[in-house]
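Before any comments, here is the structure.
Every number here is computed from the coordinates shown, using simple stated rules; none is lab data. Owing to the predicted nature of the structure, the values given are computational and were not obtained by experimental measurement. Using ideal geometry, Cβ is built from the backbone for each residue, glycine included, and neighbour counts are taken over all protein chains shown.
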Amino acid sequence: MGKPKIIWSRKAQIKLFEILEYYTQRNKSKVYSIKLYNKFTKELSLLHFQPEIGIKTEIEPVRGLIVDEYILFYEITTTQIIVHTYGIAGRILMTL
């Protein structure tokens, strides 16, 4: 069996674009946005080897992978790792 393919949901793609665009506008440079994107993809690649590394959520198949101040919510299937959305970790953890 090969590595599961990482799939980004439409919602996750939109949120990712919004996050990266926010930092590009705020910093007037793409440098940090590129670093953040690379960090997201690097951390997601860890799921190929340890798909259950993320924290459990209230929704059974969904887990959360903490990357800096963000939580990437994903689901594991036999052939895919589906990134559903992102959240700001501090806001989410304060509500627990």
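Brief remarks follow.
- ILE6 long-range amide H proximity, modeled H, under 5 Å: ILE81
- For a paramagnetic label modelled on THR78 (point 7 Å from Cα along Cα→Cβ), amide N atoms under 19 Å away belong, within the range 1-30, to 1-7.
- Reported label for calculated volume of the Cα convex hull per residue in Å³ given [x] 95; [y] 152; [z] 123: [x]
- Sites count as exposed loop sites when they are trypsin sites (Lys or Arg not before Pro), lie in a DSSP loop, and have at most 16 other Cβ atoms within 10 angstrom; the longest stretch of the chain without one is 31-96.
- Taken over the range 5-94, lysine pairs spaced eight or more positions apart, or on distinct chains, with alpha carbons under 24 Å apart number 21.
- Evaluating 6.51 cos²θ - 1.76 cosθ + 1.60 at θ = phi - 60° for every residue in the range 53-58, the Karplus couplings come out as 5, x, 6, 5, 10, 5 Hz, glycine and proline recorded as x.
- Working note: 222 nm ellipticity from helices only, DSSP H runs with n ≥ 4, each -39,500 (n - 2.57), summed and divided by the residues of the chain, gives -13000 deg cm²/dmol to the nearest 500.
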